Amino acid sequence: MKHLRILVPICAMALTLSPASASDSAVERAVDSQDRFATLHGMDIQELKGEFISSYFPVKVGYTWAYSDKVSGENFDINIVGRQTIRGQNAWKIERTRANMANDYDLVTIDDQNGADVHFRFVRGNQMDLSPAVKMTAGQMATGQVFETEPVQRNPATGNTTIWRSKIEGFESKTVPAGTYNCVKVRLLVRDSKLGTKFADVTMWYGKGVGLVARQGQFFGVYLVEDLNSTNVP
């Protein structure tokens, strides 16, 4: 049995994992450049201490967020559609709309005691049954926290497991079409456990009282730059 490793205190795998291409380095350079610009202009990332996850991941059936992706030109919604039990956990079912009506969804548990864990993903017709669940954040977040999870499912292409690494990078202001928000910044990396090949590198900004404000990087070969346009979260 693989275990979650906390390095710094305070969706059956039918998907064939594809490594990041050479353009991945371009995305990294863009992110690094953005961070340097922010620092030079007085918008550097601030230290985050003791913030509870419920302030940044509001969850309630009926909540919806509308986004646009600058890479694909796609407009889509993320909706909390209900609850679903998985391995004894009462998870939130969070759905992402697609134009062909074959919507994606995640099963996620979120609370101030245990943090945010992703148990299952259904993406573009592929299932990712993540056991143990991928730890994204602790219930009480702080800058520098790092979590590594190694689900037991194997990549059909290599026969190896994958390492999911989430890091709380800090706190910063983020402006998107929906407005300007005070955000916690989270970076997710996914690598082959033996080869070290990088499958995903995504940075996410979660606005206080709002939820996911922006997301950019590459996830299993799909590049994205997604910004929040509107939400019904009060």
Would you check which residues across segment 115-144 are outside any strand (DSSP E or B) and closer than 24 Å to GLN46 by Cα and list them?
ALA138, GLY139, ALA142, THR143, GLY144
Looking at THR180, is it under 13 Å from the mean Cα position of the chain (by Cα), surrounded by fewer than 21 Cβ atoms within 10 Å (Cβ to Cβ) and closer than 22 Å to SER54 by Cβ?
no
Within segment 73-102, the count of residues that are modelled with pLDDT of 95 or more and either among the polar types (S, T, N, Q) or more than 22 Å from GLY217 (Cα to Cα) (or both) comes to 17
Residue check, ASN90 of a type outside the set (A, V, I, L, M, F, W, C), farther than 23 Å from ALA66 by Cα, over 17 Å from the mean Cα position of the chain (by Cα) and in a strand (DSSP E or B):
yes
Give me the pairs, please: first residue somewhere in segment 40-56 and part of a loop (DSSP other than H, G, I, E, B), second residue anywhere and at pLDDT below 55, beta-carbon distance under 9 Å, and either six or more positions apart or on two chains.
MET43/PHE37; ASP44/ASP35; ASP44/ALA38; ILE45/ASP35; ILE45/ALA38; ILE45/THR39; LYS49/ILE10; GLY50/ILE10
Mind telling me which of the residues LEU188, LEU224 ends up being farther than 26 Å from GLN140 by Cβ, at pLDDT 95 or above and not polar (S, T, N, Q)?
LEU224
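The values are calculated or read from the model by the stated rules, or taken from the named source; none is laboratory data. Computed from a predicted structure; not experimentally measured. Quick reminder, even Gly has a Cβ in these numbers, built from the backbone with ideal geometry, and neighbours come from all protein chains shown.
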